[in-house]
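Report on the following structure.
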Amino acid sequence: MTSIYDVAGIGIGPFNLSLACMCEPLHELKTIFFDRKSEFSWHPGLMLPGTTLQTPFLCDLVTMADPTSRFSFLNFLKQSNRIYPFYIKESFFPSRLEYNHYCRWAASQLSTLRFSSEVISIDYSDRDKCYLLKVKSVKEDVTQVYRTRRIVIGVGTTPCLPAGLRESENSFHAAHYLSQRSSVIASGSVIVVGSGQSAAEIFSDLLDQYSDHDNELTWVTRSPRFYPLEYTKLTLEMTSSEYIDHFYHLPDEKRSALGATHDNLYKGINEELINSIYDRIYDLSVFGPVKIKLIGNSSVTGIDKSDYGHLQLLCHHNELNRDYALVGKKIIFATGYERSVPKFIEGIKKRIRWTSEGYYAPTRNYTVDIDDGGIFVQNGDLATHGISGPDLGMGCYRNSVILRSILGYAPYKVEKRTTFQDFRLTGHGIQERHDISARALSA
């Protein structure tokens, strides 16, 4: 039987990779991280030329927790002899391709990562007070059991299609776009479904290939309009520890209603990209009518086969209350990702707190186990902690809180006050109204 680890991470995406980097100098922690993939790879199907992160380079794996860390993005540039070209480039937002390359560089320096290692089940040992992870080697088809005091689940989300639809050769999720790009372009008739950044990037990429006015390109979304990502500075303060405190302590029904209004705070489209799409369509229209359609307010209800190998995308216009169909040879669903509970936790379900919807119920410190300190979840807190959950810029903060909970002290400073806004009415000069009224009456 192996020795007992202090922390085992399951899934090596950006958030758990960040945690691994932050654990590396903490010699009192014995850690290990597993991922069934053969190497680090972040959204490989969306590595389109020219696409960038929607968060600045400071939101790397470590800088917001420790700007002096050797795993910082700036050190990656320095070690790659590219820090001066990056300085001259004067861009705050790295390309997705460069960010992925940076993460792979960081991963290559860590001895605690185990790729091609799939966690297939977890049990709990009452005798040893630890979790037992059964891990299968993808390459060698052998299994081994690892013991750990704590687990950090960071398996990410899975591609989501409209209800009732399945992927096929000619209709598939945007996560596979890059591998299918050649056949999509060659088809000459494409429908893109979705309202976020990925939909816009794919539509923009296809627009670049729009050299023949016989080509057909359609972009349809359920949203009432093509929302820009709200990126004002006071809005960005909602990705902060103060707003997390505010959101977390609201009643469930209030959180649910408020969360429904937050889509354009983290799902919107870069404003520059929206304007660029419009300008290019305008330029194409100089040469005559274009077969380009953009349609909002439309829910997808199904797919039918049409004549000559085409597909019919069945839609319902929500404002007009009208059913209609769009015809195309390829349909790309940039319809986002959904959270799911991995099968490997079946053996420890009774040790986890659940919401009425059947998902994790995390505490303010991101624990989900009944002992409040044995199981942590990455990016599983959107409903309880607000829009900071999927934000790359808040990964270091969440990991700092997790490490503070594990160690009993904060190896990285956990900021408490970073915003100018007072979300919870706790600042200087805030008084209860009855106190003010009583004082006024006695004057």
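Overview of values
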item: Burial ordering of Cys160, Cys23, fewest other beta-carbon atoms within 10 Å first; result: Cys160, Cys23
item: Formal net charge of residues neighbouring Phe76 (Cβ-Cβ distance under 11 Å; K, R +1; D, E -1); result: +2
item: Listed residues Pro362, Leu165, Asn100: farthest to the positive end of the dipole of the chain (Cβ charges); result: Pro362
item: Charge context of Asn275, other residues only, Cβ under 15 angstrom, K/R +1, D/E -1; result: -3
item: Alpha-carbon centroids, region 135-183 and region 411-428: separation in whole Å; result: 37 Å
item: Shape category assigned to region 317-437 from the gyration tensor of Cα positions, a/c cut at 1.5; result: oblate
item: Neighbourhood net charge (14 Å Cβ-Cβ; Lys/Arg +1, Asp/Glu -1) for Asn399; result: -2
item: Vicinal HN-Hα couplings computed from phi for region 198-203 (Karplus, 6.51 cos²θ - 1.76 cosθ + 1.60; Hz; Gly/Pro x); result: 4, 4, 5, 5, 5, 4
item: Modelled FRET efficiency - R0 25 Å, Ser183 with Lys305, Cβ distances, 0.05 increments; result: 0.90
item: Packing-based order for 47-55, 281-289, using average beta carbon neighbours within 10 Å, highest first; result: 47-55, 281-289
item: Virtual paramagnetic centre 7 Å along Cα→Cβ of Asp283, amide N under 16 Å, in region 173-207; result: 204-207
item: Label-point gap, in nm, between Leu236 and Asp208 - each point 7 angstrom along Cα→Cβ; result: 2.6 nm
item: Kirkwood hydrodynamic radius of region 228-338, Cα pairs, Å; result: 17.9 Å
item: Given Lys267/Lys343; Lys267/Lys329; Lys305/Lys329; Lys136/Lys350, the pairs whose alpha carbons are separated by over 19 Å; result: Lys267/Lys343; Lys267/Lys329; Lys136/Lys350
item: 5 angstrom amide H check on Leu294, placed H, neighbours 5+ away; result: Trp219
item: Loop-located trypsin sites (Lys or Arg not before Pro) in region 1-103 whose Cβ has at most 16 other Cβ within 10 Å (DSSP); result: Lys30, Lys37, Arg70, Arg82
item: Label point 7 Å beyond Cα of Leu407 along Cβ direction - residues of region 19-44 with amide nitrogen under 16 Å; result: 19-32
item: Computed magnitude of the charge dipole of the chain (debye, nearest 20; Cβ of K, R +1, Cβ of D, E -1); result: 1020 debye
item: Residues Ile402, Ile277, Ile12, sorted so that the one with the fewest Cβ neighbours within 10 Å comes first; result: Ile277, Ile402, Ile12
item: Rounded, prolate or oblate (a/c below 1.5 giving rounded, otherwise prolate when a/b exceeds b/c) for region 1-94 by Cα gyration tensor; result: oblate
item: Lys129-Trp354 pseudo-label distance in nm [points 7 Å out on the Cα-to-Cβ vector]; result: 2.8 nm
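A short reminder: the numbers here are calculations on the coordinates, not readings from a lab. Keep in mind it's a predicted model, so treat the numbers as computed, not measured. Counting neighbours? That spans all protein chains shown, and the Cβs are built from the backbone with ideal geometry, glycine included.
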